[in-house]
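Chemist: Take this structure first; my questions come after.
The values are calculated or read from the model by the stated rules, or taken from the named source; none is laboratory data. These numbers were taken from a predicted model, which means no experiment stands behind them. Here Cβ is always computed from backbone atoms with ideal geometry, including for glycine, and neighbour counts include all displayed protein chains. Calculation scope for accessible area: heavy atoms of the full protein, side chains included, ligands and nucleic acids excluded. Shrake-Rupley method; radii C 1.70, N 1.55, O 1.52, S 1.80 Å.
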Amino acid sequence: MSEMITADLVDLDLSADSKEAAARALAERMVALGRVTDLDGFLADVAAREAQMPTGLDGGIGIPHCRSEHVTEPTLAFGRSAAGIDFGAADGPADLIFLIAAPAGADDAHLTILSSLARQLMNAEFTDALRSAADANAAAALIRGEEPDGTGGVPEGTEDSVDSVDSVAVPAAASAGAATGSPDVGPEEGPQNGPDDGPAERGRPFRVVAVTSCPTGIAHTYMAAESLEKAGREAGVEVVVETQGSAGFTRLDPAVIEAADGVIFAHDVPVRDKDRFAGKPTVDTGVKAAINRPGELIDEVRGKAARGEVTAAGAAGTDGASGTTPVERGGKPGEGYGTKLRVWLMSGVSYMVPFVAAGGLLIALGFAIGGYEINKAPSVMDHFVWSQADSWAALLFQVGGVAFAFLVPVLAGYIAYGMADRPGLVPGFVGGSIALTVNAGFLGGLAAGLISGAVVMAIQRVRIPAALRGIMPVVVIPLISSAVVGFLMFVVIGKPIASAQKAMTDWLSGLSGANAVLLGALLGLMMCFDLGGPVNKVAYAFATAGIAVADPSDSAMKIMAAVMAAGMVPPLAMALATTVRGKLFNAAERENGKAAWVLGASFISEGAIPFAAADPLRVIPSSMVGGALTGALSMAFGATLRAPHGGIFVVPLIGNPLLYLVAIAAGVCVTTALVIVLKGLRKPAPGAVAQGPGGTDPSAPSPEAKQPVAA
């Protein structure tokens, strides 16, 4: 393998004045050496990673990084800025900027090498040496772990070479403990516990196990681990960290977890196999908190242990080893209740949407084949004729109806899951089913989910003897929480919520004229505000709740039509804009524009996210104007829709389909025009290339080129 960083990849006088310009200047050096094949595509991947979380760190460090198809081999570029560049760190601009580029399919050894640099950045001697390096060769040698003269010696305090797999296999003593499951500090070492140090036996240090993970799994994951380990050594606390990075992870030995007095989760993606840590005092926070204030986190978990605050944790965030989930659960310390409430509600909505799509489309197909009287057909268990289309239509309709029947229980169950993990599922589903029984509908499901989560969280705060902890999540919590939620839903709040649900339904049914048009415009604004985010999901959930019945009202179907039409506008408009005025967009955006045609036609608003992330002040307001126009026109034209998804593929199921398409076209044209005008008022986007003869761009990727891989 060639050296990951050479003098040609070092700029000790970086003159860039923004993080985008800094990334471009360093990436150009990678292109010159053949390490990056498509500058604009790679920078788009860097920007996508930066949009997930700022990469500035306290101490004057910026570490933009990504995995990308446009990278041929793992590469580092280093820049030193005299003026400093803002990478979003709390303590101000960064003067040391590292651009880390990893191939999309980088092997474990390469990613381990990259992780070693991340750990080194937590070493003050290492960063001080970089600030005083006299020339590019010296800086590159220092980063590689060599003496400046190239002899291969390792400067004091920088023992972890970033070009030697052997030297980074165990970057720090505490990491060895994480890999083997054995803490690196023996029971006889370190200060003794004081009277308030928690449940650890007297005569040995306090023990903490931690998990760190970040979206890319290259840099922040390992920097957080190094920071926690260093803070633990300074505080006389044994800290063993499991780094869940891109190169995979080695699970902590169960015996180490069992012996731990507390747990720290420092993560921005779900923790894999989180239920291993159940029954321990736990601090749950973001990965940057572990980098910037590790001592506070250790003090916090010690305080929880001293107070006996045991957290019951489920597998928060994973199904198996995939480590994926629709939405991060729970709430992190320091977040307001408004933020936590949004996360909890989004958890329920995210799990509900697949039921909406499957059930709604099946019902719509049933209507399309058998007509609108198919809802009166007998059960297919009693009457099904293989050769009759009506029987197949009834089958589709009835299966869709069963799927729709899960909407409210799933919504309630996974709101409670978002609040309290697995123990919240049982009372959440029970409360959601009761909401249907008492006709409390969608509002009842929201209330049931929040109440269920709150009840379980209250039970979890009760101090439980160790002997009973094993049966708490299986027997005690489901029993008590279901009884409490059932009582509240049946006896206390069920009827008032049912009355409110009926009042809202009657109000929607009575909407007409200007009121309906204004509602359509509002829903259109919401659909285009965050392109698949919380506000978009609220509008979508509001619309689908109205048609989640066997016989939805005409007003509910109009609302569904307006919501879907508005959600199609942003990606279609971006696709049209990149087609008619490609020179205003860079190569990556023009390539994304091709995919946006299909995404927009399929009612996937997220197809416009790459454009909004790159230029939010122009793209988002333009999209909102077009979406509001489309929503208002759809309501004015009286278009109706029984299917909750499908885009142009369910046009045959739409009432007034021609005028519906006119409404979409109007919004798309308005958004396209606004984007072109607003972009035309500024200089061409970085990387945009003037079109050649015939309107072609000689540098644009071929149609067969793959989409960039977001890091």
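Chemist: For the range 4-30, which residues satisfy the criterion of being assigned to a loop (DSSP other than H, G, I, E, B) and either surrounded by fewer than 19 Cβ atoms within 10 Å (Cβ to Cβ) or modelled with pLDDT of 90 or more (or both)? Spell out the reasoning first.
Modeler: Kept after step one, since they are assigned to a loop (DSSP other than H, G, I, E, B), are these residues of the range 4-30: 4-6, 12-18.
Selection gives Thr6, Leu12, Asp13, Leu14, Ser15, Ala16, Asp17, Ser18.
Chemist: Identify all residues within the range 377-407 that are in a loop (DSSP other than H, G, I, E, B), open to solvent by less than 80 Å² (accessible area, probe 1.4 Å) and of a type in the set (S, T, N, Q); write none if there are none.
Modeler: Ser379
Chemist: Could you please let me know if Arg251 is open to solvent by 10 Å² or more (accessible area, probe 1.4 Å), part of a loop (DSSP other than H, G, I, E, B) and either in contact with a helix residue (DSSP H, G or I) (Cβ under 8 Å, 6 or more places away or on another chain) or at pLDDT 90 or above (or both)?
Modeler: So Arg251 fits the description; yes.
Chemist: Within the range 444-502, how many residues are more than 30 Å from Ile547 (Cα to Cα) and assigned to a helix (DSSP H, G or I)?
Modeler: Count: 24.
Chemist: Check off (1) over 30 Å from Arg276 (Cβ atoms); (2) among the hydroxyl-bearing types (Ser, Thr, Tyr); (3) surrounded by 19 or more Cβ atoms within 10 Å (Cβ to Cβ) for Tyr417 and give me the number that stays unchecked.
Modeler: Going through the list (1) over 30 Å from Arg276 (Cβ atoms); (2) among the hydroxyl-bearing types (Ser, Thr, Tyr); (3) surrounded by 19 or more Cβ atoms within 10 Å (Cβ to Cβ), Tyr417 breaks only (1).
Chemist: Inside the range 259-277, can you point out the residues that are of a type in the set (Asp, Glu) and either open to solvent by 20 Å² or more (accessible area, probe 1.4 Å) or on the phi > 0 side of the Ramachandran plot (or both)?
Modeler: Asp268, Asp273, Asp275
Chemist: Can we say Glu591 is out of contact with any Gly (no Cβ under 6 Å at 6 or more places or on another chain), of a type outside the set (A, V, I, L, M, F, W, C) and either part of a helix (DSSP H, G or I) or open to solvent by less than 10 Å² (accessible area, probe 1.4 Å) (or both)?
Modeler: Yes; evaluated as a whole, the condition is true for this residue.
Chemist: Sticking with this one: Take the range 572-601 and flag every residue that is within 24 Å of the chain's Cα centre (by Cα) and farther than 19 Å from Met624 by Cα.
Modeler: Residues satisfying the conditions are Ala588, Glu589, Glu591, Asn592, Ala595, Val598.
Chemist: Kindly indicate whether Val353 is assigned to a helix (DSSP H, G or I) and either closer than 23 Å to Gln244 by Cβ or at pLDDT below 75 (or both). It would help to see each step written out before you state the result.
Modeler: Working: assigned to a helix (DSSP H, G or I): yes; either closer than 23 Å to Gln244 by Cβ or at pLDDT below 75 (or both): yes.
Here the answer is yes, as Val353 does meet what is asked.
Chemist: Mind listing just one residue for me: the one in the range 290-310 that is within 24 Å of Ser227 (Cα to Cα) and modelled with pLDDT under 85 and, of those, surrounded by the fewest Cβ atoms within 10 Å (Cβ to Cβ)?
Modeler: Asn292
Chemist: On the basis of being within 20 Å of Val349 (Cα to Cα), open to solvent by 20 Å² or more (accessible area, probe 1.4 Å) and in contact (Cβ under 8 Å) with a residue 60 or more places away in the chain, does Phe429 make the cut? Give the derivation first.
Modeler: On the way: within 20 Å of Val349 (Cα to Cα): yes; open to solvent by 20 Å² or more (accessible area, probe 1.4 Å): yes; in contact (Cβ under 8 Å) with a residue 60 or more places away in the chain: no.
In short, no.
Chemist: Follow-up. With the requirement that a residue be without any contact (Cβ under 8 Å) to a residue 60 or more places away in the chain, of a type in the set (Asp, Glu) and part of a loop (DSSP other than H, G, I, E, B), what does the range 254-273 give you?
Modeler: Asp273 - this is the single residue of the range 254-273 that is without any contact (Cβ under 8 Å) to a residue 60 or more places away in the chain, of a type in the set (Asp, Glu) and part of a loop (DSSP other than H, G, I, E, B).
Chemist: For the range 440-454, give me the residue count where each residue is modelled with pLDDT under 85 and farther than 16 Å from Ala543 by Cα.
Modeler: Of the residues in the range 440-454, the ones modelled with pLDDT under 85 are 440-443.
Still in the running and farther than 16 Å from Ala543 by Cα: 440.
Of the residues in that region, 1 qualify.
Chemist: Let me ask you something else. Considering only the range 594-603, state which residues are open to solvent by 10 Å² or more (accessible area, probe 1.4 Å) and part of a helix (DSSP H, G or I).
Modeler: Across the range 594-603, the qualifying residues are Lys594, Ala595, Trp597, Val598, Leu599, Ala601.
Chemist: Can I ask one more? Does Gly444 satisfy the condition of being of a type outside the set (D, E, K, R), in contact (Cβ under 8 Å) with a residue 40 or more places away in the chain and crowded, with 24+ Cβ neighbours inside 10 Å?
Modeler: Values: of a type outside the set (D, E, K, R): yes; in contact (Cβ under 8 Å) with a residue 40 or more places away in the chain: yes; crowded, with 24+ Cβ neighbours inside 10 Å: yes.
So Gly444 passes the test.
Chemist: Can you run down the residue pairs with Cβ atoms below 7 Å, 6 or more apart or on separate chains, where the first is in the range 650-666 and without any contact (Cβ under 8 Å) to a residue 40 or more places away in the chain and the partner is hydrophobic (A, V, I, L, M, F, W, C) and open to solvent by less than 20 Å² (accessible area, probe 1.4 Å)?
Modeler: The qualifying pairs are Asn656/Ala639; Leu659/Ala639.
Chemist: Mind listing whichever residues of the range 604-647 are surrounded by fewer than 24 Cβ atoms within 10 Å (Cβ to Cβ), modelled with pLDDT of 85 or more and assigned to a loop (DSSP other than H, G, I, E, B)?
Modeler: Selection gives Gly638 alone.
Chemist: Tally the residues that are among the hydrophobic types (A, V, I, L, M, F, W, C), under 32 Å from the mean Cα position of the chain (by Cα) and under 20 Å from Gly88 (Cβ atoms), restricting the search to the range 1-51.
Modeler: 13
Chemist: Report whether or not Arg642 is touching a Ser or Thr at 6+ places or on another chain (Cβ under 7 Å) and basic (Lys, Arg).
Modeler: Answer is no for this residue.
Chemist: With respect to Ala47, is the statement that it is within 20 Å of Ala139 (Cβ to Cβ) and either among the acidic types (Asp, Glu) or in a helix (DSSP H, G or I) (or both) true?
Modeler: no
Chemist: May I pose another question? Pairs only if they're at least six apart or on different chains, beta carbon under 7 angstrom, first in the range 544-565 and over 13 Å from Ile654 (Cβ atoms) and open to solvent by less than 10 Å² (accessible area, probe 1.4 Å), second modelled with pLDDT under 75 and of a type in the set (Val, Ile, Thr); list them, first residue then second.
Modeler: Thr544/Val356
Chemist: Here's something else I'd like to know. Does Val410 satisfy the criteria of being at negative phi, in a helix (DSSP H, G or I) and either surrounded by fewer than 19 Cβ atoms within 10 Å (Cβ to Cβ) or of a type in the set (A, V, I, L, M) (or both)?
Modeler: In short, yes.
Chemist: All but one of (1) at pLDDT below 85; (2) more than 17 Å from Glu50 (Cβ to Cβ); (3) out of contact with any helix residue (DSSP H, G or I) (no Cβ under 7 Å at 6 or more places or on another chain); (4) surrounded by 16 or more Cβ atoms within 10 Å (Cβ to Cβ) hold for Arg67, so report the exception by its number.
Modeler: Status for Arg67: all satisfied but (2).
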